[in-house]
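The values are calculated or read from the model by the stated rules, or taken from the named source; none is laboratory data. Bear in mind that the values here come from a model prediction, so they are computed numbers and not experimental data. All Cβ positions, even for glycine, are placed from backbone atoms using ideal geometry, and neighbour counts span all protein chains on display. What goes into the accessible areas is simple: the full protein's heavy atoms, side chains included, and nothing from ligands, DNA or RNA. Shrake-Rupley method; radii C 1.70, N 1.55, O 1.52, S 1.80 Å.
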Amino acid sequence: AGRQTQSATHHNTPPAPPITCMAAAAAAARNGRAPADDAGVCLSMHQPWASLLVYGIKRIEGRGWPTDHRGRLWIAATGKQPTQDEIEEMESFYRVVHASTPITFPPAYPAGVLLGCIEVVGCLQVGG
C-alpha cells in the first residue's frame, strides 16, 4: 500500500494563534455556518510539527494508513520535548514554503498537551 496523506483546511488568511474548537464553533455560528462535526477523534504528534499544523503553517500530514475521517480532528502534542535544532530546522523550512506570505510561528512548542483542532478535508494515496 502507498503512503497516505491527510489534507487539512486552513483559510488563506495569515494563521492566527490556535483557538479552542468551542471558540471556533462559536465564531462559525456567528458567521451563520454550522460548526464541524466533532467525533472526538485525536491525533498525537511530536513537536514542533503538532503546533505548526494547528497554527495552519503545516497543511498536510503524511501517514502510512488511510482514513475515512473527515471533519474536526483534535491535535495533541506528545510528551517529547522538541530540540532547538528541530524547531529552527522546521521554522526555516516553512519560511521557504510560505515565502510569499508572512507567517507567525507559535511562541512555544509545549509537549504533552492538547493543542487545538484542524479540519480534515481529504486523504490521498501517494506512491504505489
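Among the numbered conditions (1) open to solvent by less than 100 Å² (accessible area, probe 1.4 Å); (2) more than 16 Å from the chain's Cα centre (by Cα), the only one that V113 does not meet is (2).
Please enumerate the residues belonging to the stretch 86-112 that are assigned to a helix (DSSP H, G or I) and closer than 20 Å to I60 by Cβ.
Here is the first cut: in the stretch 86-112, the ones assigned to a helix (DSSP H, G or I) are 86-97.
E86, I87, E89, M90, E91, S92, F93, Y94, R95, V96, V97, listed by residue number.
Filter the stretch 67-78 down to the residues that are under 17 Å from the mean Cα position of the chain (by Cα) and either part of a loop (DSSP other than H, G, I, E, B) or free of Cβ contacts under 8 Å to residues at least 24 places away in the same chain (or both), then identify the one that is farthest from I118 (Cα to Cα).
First, pick out the residues of the stretch 67-78 that are under 17 Å from the mean Cα position of the chain (by Cα): 67, 69-78.
Subsequent filtering for residues that are either part of a loop (DSSP other than H, G, I, E, B) or free of Cβ contacts under 8 Å to residues at least 24 places away in the same chain (or both) retains 67, 69-70, 78.
Values: T67: 15, H69: 12, R70: 10, T78: 17 Å.
Restricting to residues being under 17 Å from the mean Cα position of the chain (by Cα) and either part of a loop (DSSP other than H, G, I, E, B) or free of Cβ contacts under 8 Å to residues at least 24 places away in the same chain (or both), the top hit is T78.
Within this structure, V126 fails the test of being within 23 Å of D38 (Cα to Cα), open to solvent by 30 Å² or more (accessible area, probe 1.4 Å) and modelled with pLDDT under 95.
Of the residues that make up the stretch 38-49, is at least one of a type in the set (V, I, T), under 17 Å from the mean Cα position of the chain (by Cα), at pLDDT 95 or above and part of a loop (DSSP other than H, G, I, E, B)? Within the stretch 38-49, not a single residue is of a type in the set (V, I, T), under 17 Å from the mean Cα position of the chain (by Cα), at pLDDT 95 or above and part of a loop (DSSP other than H, G, I, E, B). Only residues that are among the acidic types (D, E) and surrounded by fewer than 15 Cβ atoms within 10 Å (Cβ to Cβ) were counted in the stretch 78-101, giving 3.
The C-beta contact set for the stretch 37-60 (first residue touching a residue at least 40 places away in the same chain (Cβ under 8 Å), second residue surrounded by 15 or more Cβ atoms within 10 Å (Cβ to Cβ) and aromatic (F, W, Y), distance under 6 angstrom, 6+ apart or interchain) comprises C42/W74; Q47/Y109; P48/Y109; S51/Y109; I57/Y94. The set of residues in the stretch 48-77 that are within 11 Å of Y109 (Cα to Cα) and either of a type in the set (G, A, S) or exposed (fewer than 15 other Cβ atoms within 10 Å of the Cβ) (or both) comprises A50, S51, A77.
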